[in-house]
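Heads up, the thing below is written out as structure tokens.
The values are calculated or read from the model by the stated rules, or taken from the named source; none is laboratory data. This is a predicted model, so every value here is computed, not measured. Using ideal geometry, Cβ is built from the backbone for each residue, glycine included, and neighbour counts are taken over all protein chains shown.
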Amino acid sequence: MSFEHFSLHPHIVSGVDSVGYHTPTPIQEQAIPVVLARRDVLGLAQTGTGKTAAFMLPILDRLIRGPRGGIRALILAPTRELAEQIHQATVGFARHTPLRSATIYGGVSKRPQLDALRRGADIVIACPGRLLDHLREGDIDLSHVEVLVLDEADRMCDMGFLPDIRQIIRSVPARRQTLFFCATMPGDIRQLAQNILHDPATVQVDPIAPAKTVSHALYPVPETQKTNLLLALLKRTATGRVLVFTRTKHKAHNLALILAKAGHRATALQGNMSQAQRQAAIDGFRGKRYDILVATDVAARGIDVTGITHVINVDVPNTVDAYTHRIGRTGRAEHAGEAFTLAAPADSLMIRDIERAVGTAIERRRLEGFDYGSFAPETQFAPKASVTLPRAFRQSSPRRTEGALYVSRHRAAPRAQSA
Ligand code: AMP
């Protein structure tokens, strides 16, 4: 199937062509016809599935065919990075149209954003907090909005934006098309969707479970040895672009310095950095100046960098949703990726929850040759579900402990079988 199939306006089809998309992804196949038919949509899709084009292409089609005037589409996104990314994609898709897009988010000066609005924006992509500031100050008129999109609605609620979102919704016309995207559906999100969507069509691509093209591995390790294990893993794994996650801003900052000192082209992305520093880090990672980006969950939300080969969780995320979002950064648009999680004994409950959500046990690995001291990785995290190992691993006689599956990795030289 090609993008011609949807009968989008020819100027939009040529925009899609110019960004290099030739075949629609599954979410695009499902959502584009429904949005073109002007129905509300409840989209269950994680980042990396192609959902931006899934909503933006039919929106552009609607806008180009109708009379211009005022802000006609409003997209709400949780972070500046995601807002900027949607904006960049929109500029590409709309290249051959007169339609203009502008962004509104905090952490930068208001003036350039207001200037862009005054020059005339058909589409506004905004983070809720700053948009609400502008609404309160009377700087922005949302009375012409025909289409409202909530992207990563679950993230926005996690970040405490729900009251802001409710207020913004009161400022847009009740007669509108609403498109609601989330990766997970906790109770408050379901409630919000029910309240604001009218007879929605549900489109769903791999909800909740992490991207299928990602293979997962768990490296049990004491908390104090995580940095050393990370360094050893990076040394012995053929990685391309690596996204490393830590739980705190401070740790992201320090770990990036340690990696850089060890000779890696690494930088940090965390909330204590200015917007300009964050953008420089993302651009440097995207432009291949850095191979490793060490990030916190909030800072990394919505990063769209293609070709991430490995996501390494140095700290286990606090929630299953956060795991899903982190892992969604690799294996994007159907490329393969690997996700490693370094887990200390104290993480066992979270690991169990993640495995329950993923629906299978995550393969346990021991980095052969790494000095674990008296720690025995194979005794940690006995998985609840049984896992069938690929034949290649079975032939190399993985060590097994009661109920746990265990594979030695990166074996430097043949070694005696221990089980
Ligand atoms: P998204 O989920 O919208 O953030 O998209 C994830 C990644 O897939 C981005 O790098 C997009 O540029 C890319 N992408 C989206 N749709 C397509 C497509 N139809 N063909 C190729 N790449 C795509």
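Is one or more of the residues making up the range 188-199 surrounded by fewer than 14 Cβ atoms within 10 Å (Cβ to Cβ) and touching a Cys at 6+ places or on another chain (Cβ under 9 Å)? Before the answer, list the steps.
The initial filter retains those residues of the range 188-199 that are surrounded by fewer than 14 Cβ atoms within 10 Å (Cβ to Cβ), namely 188, 190-191, 194-195, 198-199.
Okay, now just the ones that are also touching a Cys at 6+ places or on another chain (Cβ under 9 Å), so 188.
Yes; the residues of the range 188-199 include at least one that is surrounded by fewer than 14 Cβ atoms within 10 Å (Cβ to Cβ) and touching a Cys at 6+ places or on another chain (Cβ under 9 Å).
Only strands (runs of 3 or more DSSP E) wholly contained in the range 20-118 count here; list those with 2 or more residues that are more than 18 Å from Ala201 (Cβ to Cβ) and of a type in the set (Val, Ile, Thr).
On the way: elements: 41-45, 73-76, 101-104.
Output list reads 101-104.
If you check Glu29 against the conditions, is it within 16 Å of the ligand (Cβ to nearest atom) and without any contact (Cβ under 8 Å) to a residue 40 or more places away in the chain? Show your work before the answer.
Numbers: within 16 Å of the ligand (Cβ to nearest atom): yes; without any contact (Cβ under 8 Å) to a residue 40 or more places away in the chain: yes.
Spelling it out, Glu29 is indeed within 16 Å of the ligand (Cβ to nearest atom) and without any contact (Cβ under 8 Å) to a residue 40 or more places away in the chain.
Kindly provide the set of residues from the range 88-111 that are under 16 Å from Ile140 (Cβ atoms), buried (at least 21 other Cβ atoms within 10 Å of the Cβ) and not small (Gly, Ala, Ser), ordered by number.
Within the range 88-111, Thr103, Ile104, Tyr105 meet the criteria.
Identify, please: which residue in the range 242-293 is in a loop (DSSP other than H, G, I, E, B) and of a type in the set (A, V, I, L, M) and is, among those, nearest to the chain's Cα centre (by Cα)?
The initial filter retains those residues of the range 242-293 that are in a loop (DSSP other than H, G, I, E, B), namely 246-248, 262-265, 270-274, 287-291.
Okay, now just the ones that are also of a type in the set (A, V, I, L, M), so 262, 273.
Working: Ala262: 28, Met273: 20 Å.
Checking each candidate, the answer is Met273.
Scanning for something over 20 Å from Gln275 (Cβ atoms), surrounded by 16 or more Cβ atoms within 10 Å (Cβ to Cβ) and more than 16 Å from the ligand (Cβ to nearest atom), does the range 45-52 turn up at least one residue? Break it down stepwise before answering.
First, pick out the residues of the range 45-52 that are over 20 Å from Gln275 (Cβ atoms): 45-52.
Checking which are surrounded by 16 or more Cβ atoms within 10 Å (Cβ to Cβ) leaves us with 45-52.
Okay, now just the ones that are also more than 16 Å from the ligand (Cβ to nearest atom), so none.
Checked against the condition, which is being over 20 Å from Gln275 (Cβ atoms), surrounded by 16 or more Cβ atoms within 10 Å (Cβ to Cβ) and more than 16 Å from the ligand (Cβ to nearest atom), the range 45-52 yields no hits at all.
Would you please name the residue that is farthest from Gly48 (Cα to Cα), looking only at residues in the range 279-313 that are away from the ligand (no atom under 14 Å from the Cβ), surrounded by fewer than 21 Cβ atoms within 10 Å (Cβ to Cβ) and touching a residue at least 12 places away in the same chain (Cβ under 8 Å)? Lay out the reasoning, then the answer.
Here is the first cut: in the range 279-313, the ones away from the ligand (no atom under 14 Å from the Cβ) are 279-281, 283-284, 287-299, 309-313.
Add one more test, that the residue is surrounded by fewer than 21 Cβ atoms within 10 Å (Cβ to Cβ), and what stays is 279-280, 283-284, 287-289, 291, 298, 309.
In the following step, the residues that additionally are touching a residue at least 12 places away in the same chain (Cβ under 8 Å) were identified as 279, 284, 288-289, 291, 298, 309.
Details: Gln279: 20, Gly284: 20, Lys288: 19, Arg289: 22, Asp291: 20, Val298: 17, Thr309: 13 Å.
Among those residues, the one meeting the criterion is Arg289.
Residues that are modelled with pLDDT under 85 and not assigned by TED's automatic domain parsing to the domain that holds Leu293: which strands (runs of 3 or more DSSP E) entirely in the range 327-419 hold 3 or more of them?
Working: elements: 337-343, 363-367, 407-409.
In the range 327-419, 407-409 are the strands (runs of 3 or more DSSP E) which contain 3 or more residues that are modelled with pLDDT under 85 and not assigned by TED's automatic domain parsing to the domain that holds Leu293.
Can you tell me which of (1) of a type outside the set (A, V, I, L, M); (2) part of a helix (DSSP H, G or I); (3) under 15 Å from the mean Cα position of the chain (by Cα) is the one Thr184 doesn't meet?
For Thr184, the exception is condition (2).
Just give me the residues in the range 8-17 being more than 12 Å from the ligand (Cβ to nearest atom) and touching a helix residue (DSSP H, G or I) at 6+ places or on another chain (Cβ under 7 Å), in sequence order.
Correct list: Leu8, His9, His11, Ile12, Val13, Gly15.
What is the one condition in (1) farther than 19 Å from Ile86 by Cβ; (2) in contact (Cβ under 8 Å) with a residue 24 or more places away in the chain that Pro163 does not satisfy?
Only one criterion is unmet by Pro163, namely (2).
Taking the condition modelled with pLDDT of 90 or more, within 30 Å of Thr360 (Cα to Cα) and not in a loop (DSSP other than H, G, I, E, B), does Asn228 pass?
Details: modelled with pLDDT of 90 or more: yes; within 30 Å of Thr360 (Cα to Cα): yes; not in a loop (DSSP other than H, G, I, E, B): yes.
Spelling it out, Asn228 is indeed modelled with pLDDT of 90 or more, within 30 Å of Thr360 (Cα to Cα) and not in a loop (DSSP other than H, G, I, E, B).
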